[in-house]
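Since the structure comes first, as structure tokens, the remarks are kept for the end.
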Amino acid sequence: MIEIFLVVFPVFLVVGAGYASNYFKFFKDDYADALMKFTQNFAIPCLLFNAIATLDLPTVFKPQLLGAFYVGSVTCFLLSTFGARYLFQRRSGEAVAIGFCALFANSVLLGFPIVERAFGADALGPITAIISVHAPFCYLLGITTMEFARADGRALPATIKVVTKAMFSNALMISLSLGFFVNVTDFWLPQGIWDATEMMAHAALPAALFGLGAVLVRYGLAPNIGETAMVLLLRLVVHPAIALIMSTQVFSLTTPVTQVVVLTAAMSPGINTFVFASMYDRAKVAAASGVLLGTICAIFSVTIWLAILRAL
């Protein structure tokens, strides 16, 4: 177990360094925002572009792989939404925002580096397949449900149009689209471009982890810890458990693919959960609490899941 913990610990140590640097005022809030913008708008898009452009699409993009991951995502979203609504007596819109916290895993900032450290660079194919549809799928599900749930929203077609435009003007979505284009068309690019994007990709993960820690300083804890506990139970325990069952008992995925699917499902709520809550001004404190406590708890939960997966 100690050996497995040492695989995960350096990732969270970098997050902790970012948190401490901002908390003790060695790294200003403005610097954290700038670093996150660099990673999310430039470095990580280069990483995803390279991964998609060089991916063996027929081998990696299988309905079974995506099904094993997203069946658990949707299940946790529904359980969290209904739990917030009927167990914690939240309003409908707030319940959907809390449900989104259990839906959206931090697959990029945490998933990528942990999967790479645990299983090597060859394991990045399956997680890239998951990430390529993660934001569009989660936002479309969350926004559609929110618009049906809240009474003061705009018309659903107008909302979907706005969100679709926003998603495909996002740097991550653009990089994924370009990667798919280069891959499918076998489009020729000069070696210098590949070398440049590779250099940017090398900077992506450590900078993103440090920036994530620095940004977490501004997030507080929800007054009602019960809602956060429900979200984290679903996000860190239930989703990877469903992914493991679906991977092994339903879709019969290979062991290496199963390991990546389950470990990605075990990631804590991503910062996009707070972005979603802010879009609708619903349950923002609960979302922020889920991101902060989830990242801390993931140190231990991911270690346990990694031990289980190693036993496979």
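Structure values in brief
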| quantity | calculated |
| --- | --- |
| Cα-centre dipole for segment 1-64 with unit charges at Cβ (Lys and Arg positive, Asp and Glu negative), debye to 20 | 60 |
| FRET efficiency estimate (nearest 0.05) - Cβ-Cβ, Leu13 to Gln64, R0 35 angstrom | 0.50 |
| For Thr303, Thr255, order by how many other beta-carbon atoms lie within 10 Å, fewest first | Thr255, Thr303 |
| The chain: Lys pairs at Cα distance under 30 angstrom, eight or more positions apart or on different chains | 11 |
| Using a Förster distance of 30 Å, the FRET efficiency for Asp281-Ala121 (Cβ separation, nearest 0.05) | 0.15 |
| Sorted by Cβ neighbour density within 10 Å, fewest at the top, the residues Arg85, Arg310, Arg90 | Arg310, Arg85, Arg90 |
| Expected 222 nm ellipticity per residue - DSSP helices of 4 or more, -39500 (n - 2.57), all of the chain, to 500 | -23500 deg cm²/dmol |
| For Phe27, distant residues with modelled amide H under 5 Å away | Asn22 |
| Spin-label pair Tyr23/Ile308, simplified geometry with 7 Å Cα→Cβ offset, distance in nm | 2.9 |
| Where labels lie 7 Å past Cα in the beta-carbon direction, separation of Ala196 and Asp56 in nm | 3.1 |
| Mean Kyte hydropathy of 0.5 or more with a Cα span along the axis of at least 18 Å, helices from DSSP in the chain | 2-23, 63-82, 124-149, 171-185, 191-216, 284-310 |
| Given charges at Cβ of Lys, Arg, Asp, Glu: segment 2-310 dipole, positive-most of Asn50, Thr255, Ala287 | Ala287 |
| Cα-centred dipole magnitude for the chain, charges only on beta-carbon of K, R (+1) and D, E (-1), debye, nearest 20 | 820 |
| Neighbourhood net charge (14 Å Cβ-Cβ; Lys/Arg +1, Asp/Glu -1) for Asp29 | +2 |
| Most positive-pole-ward Cα, Ala277, Val14, Leu35, against dipole of the chain from beta carbon charges | Ala277 |
| Extended-chain gain in nm, criterion 0.36 nm per residue less alpha-carbon gap, Arg218 and Leu87 | 44.3 nm |
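Values quoted throughout were computed directly from the atomic coordinates according to the rules given, and no laboratory measurement underlies them. Quick caveat, the model's predicted, so the values are computed rather than measured. As a convention, Cβ positions derive from the backbone with ideal geometry for all residues, glycine included, and neighbour counts pool all protein chains shown.
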